[in-house]
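Values in this text are rule-based calculations from the coordinates and carry no lab data. The model shown is predicted, which means the values in this text are computed figures rather than measured ones. Glycine gets a Cβ as well: all are built from the backbone with ideal geometry, and neighbour counts include every protein chain shown.
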Amino acid sequence: MGLGERTWGASPTKWGGVMRILKTMLLAGGVIFAIASVASAADLPTKKDATPPPVTNCFATFYTWLDSTPAACPLSAFGVTVYGALDTGVGYATAGSKFNPDYNNGVFEVVNKMSYHQGFQPLPNGLSQSNLGVKWKEQIVPNWYVIGDVDFGFDPYSLHFASGPTSLVNNNFNTLANQTTSTDSSRTYGPINNRAFAGVTNAVFGTLTVGRQNSFSNDMASVYDPTGGAYAYSLIGTSSAVLSGTGDTELARYSTSIKYQLTYNNFRAGILSQLGGWDTGNNAQQAYEGDVGFDYAGFSLDAIYQHAEDVFSLASFGGAAIPKGDPADTLKVTLENIDAVAVAGVYNWQALRFYSGYLFSNVSNPTNSYGATATKTGDFFDHVNGGYPGVVQALAFPNDKHLQTVWEGVKYAVRPDLDLASGYYHEWQNNYSAAGTNCGPNKTAAAKGFSPQGAANAACAGTTDVISGMIDYRPVKRVDLYGGVMYSVVAGGMANGFLKSVNLEPSAGVRVSF
């Protein structure tokens, strides 16, 4: 049961008592009604029973299917449901990035290192990740169900599986100005790049699942973001390191894990623990996360804590020399430990929803450095996330890095088929560089046409600011016609090496869900 689900069941004992009272009341009412009916039957006019309204078949026509929701009219048979979405669009960027067929979103909407050209660009997955999945729920004994979900994301233009590590490999031999869009991501492993889990659920005893699963912070991102985590209009959506991965995007999903969630009245709690380490396909040697939350009088809140050790953070060689003898698809691997806390809430008042949240992530050197340093390549890994080989570069944090994000926003339901949303996101880091590091302007880079806002070192203090607004219109229930604009700006250490520091991107698109 995810963060967004708000349904709780009563115990069988409680319902048994309620049913006995209802039966007694109905029996007494029936006797009284029968006596009254006999006494006054002669005075009543003769009247036919009202004809019940016809039951609408949502599969009667293609239009009736489009005008139903996936929940009300699922593609289901024998407890198995096929579902998914196709999301395509276009944007105009003042500092855009080149399309990459393997990157989750195809292009960057928030300004990034390789963002530099002005003009139109394809914008796949602007509202959400295009995906295809199969889920199941089948009762095995009264009140107990077997559940499962296998799902993958893809690019609707290239039809490639979403894979951040593959996008990095694509740029191993490209210098920055020639690079296509690329970044690290927990999405990889082809047809299971999103989820692949199974388990059991009971309304009273909770839900237990095992397999490849979202972190609680990943679930939080879609529930407590005013744009629903839209890639084209949210810093949280377009950069999964911000909240979903609590500082490292690799922690947005656990490849082999056990997850338990329990709800009681208006309260919920859950725990997620990684099973195994790198040897079982995980992106950390050890990781676990906890969540607590509640709903009350229109207000919902969740808080999570995550701890992870020896987490992968992958990067491309970007035109630099790959160590002699290493394969061409080798990636840089920075190891780090993560300790993070996030709190987010939403308040519903009539047609308005108010959102706010905060993340604090402490990023530090790994528990095991494997003999590597910040400047010297260490041990060689046979495979990292995505199955690619990697070389360790550890001890990259002379001081602990404090990555913080605060966001707030509002969503207004103009009418049932039309929503307006706006959000503001502010991310900042401390100066975690070594003593004596030059944190002044990057004059050398500026002279070469790079961003004049960038500091001389990426470990210097820096900020990212994003403000956005969007409109979502649903002419039929399965189709979203959306449009909006996002403005992003980076400065200081966060802009180190950037070609441009500002991007303004209006965009529009359409999403069809099934």
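For region 400-437 and region 481-501, what is the separation of their Cα centres, given in Å? Region 400-437 and region 481-501 have Cα centres spaced 12 Å from each other. The angle between the Cα long axis of helix 12-40 and the longest principal axis of the Cα atoms of the chain comes to about 30 degrees, rounded to the nearest 10. About the centre of its Cα atoms, region 78-423 shows a dipole size close to 360 debye [charges on the beta carbon of Lys, Arg (+1) and Asp, Glu (-1) only; nearest 20 debye].
Determine the shape class of region 150-218: with a ≥ b ≥ c the square roots of the Cα gyration tensor eigenvalues, call it rounded for a/c under 1.5, and otherwise prolate if a/b is greater than b/c, oblate otherwise. Since a/c reaches 1.5 and a/b is larger than b/c, the shape of region 150-218 is classed as prolate. Each peptide in 122-130, 87-95, 315-323, 195-203 was scored by the mean count of other Cβ atoms within 10 Å over its residues; highest first, the order is 122-130, 87-95, 195-203, 315-323.
To the nearest 0.05, what FRET efficiency results for THR56 and VAL146 with a Förster distance of 25 Å applied to their C-beta separation?
So, using R0 = 25 Å, E works out to roughly 0.20.
Packing, taken as the mean count of other beta carbons within 10 Å per residue, orders the peptides 419-426, 226-233 from highest to lowest as 226-233, 419-426. Quick one: of the DSSP bridges fully inside region 78-423, what percent are antiparallel, nearest 5? That works out to approximately 95 percent antiparallel. On a 23 Å Cα-Cα criterion, which of the cross-link pairs LYS113/LYS324; LYS98/LYS401; LYS113/LYS401 come out too long? From LYS113/LYS324; LYS98/LYS401; LYS113/LYS401, over 23 Å: LYS113/LYS324; LYS98/LYS401. Where (1) 54, 30, 21; (2) 52, 25, 22; (3) 48, 26, 22 are the candidate values, the label of the one calculated here for semi-axes √(5λ) of the Cα gyration tensor in Å is (3). About the centre of its Cα atoms, region 239-329 shows a dipole size close to 160 debye [charges on the beta carbon of Lys, Arg (+1) and Asp, Glu (-1) only; nearest 20 debye]. Label positions at ASP465 and THR373, each projected 7 Å from the Cα along the C-beta direction, are separated by 4.0 nm. Among the listed pairs LYS137/LYS477; LYS477/LYS500; LYS135/LYS411, a Cα-Cα separation exceeding 28 Å is found for LYS477/LYS500; LYS135/LYS411.
Of the residues PHE205, THR181, GLN350, the one whose Cα sits farthest towards the positive end of the charge dipole of the chain is GLN350 (charges of +1 on Lys and Arg Cβ, -1 on Asp and Glu Cβ, taken about the Cα centre). In terms of packing, defined here as the mean over residues of other Cβ atoms within 10 angstrom, the peptides 467-474, 63-70, 484-491 line up highest first as 484-491, 467-474, 63-70.
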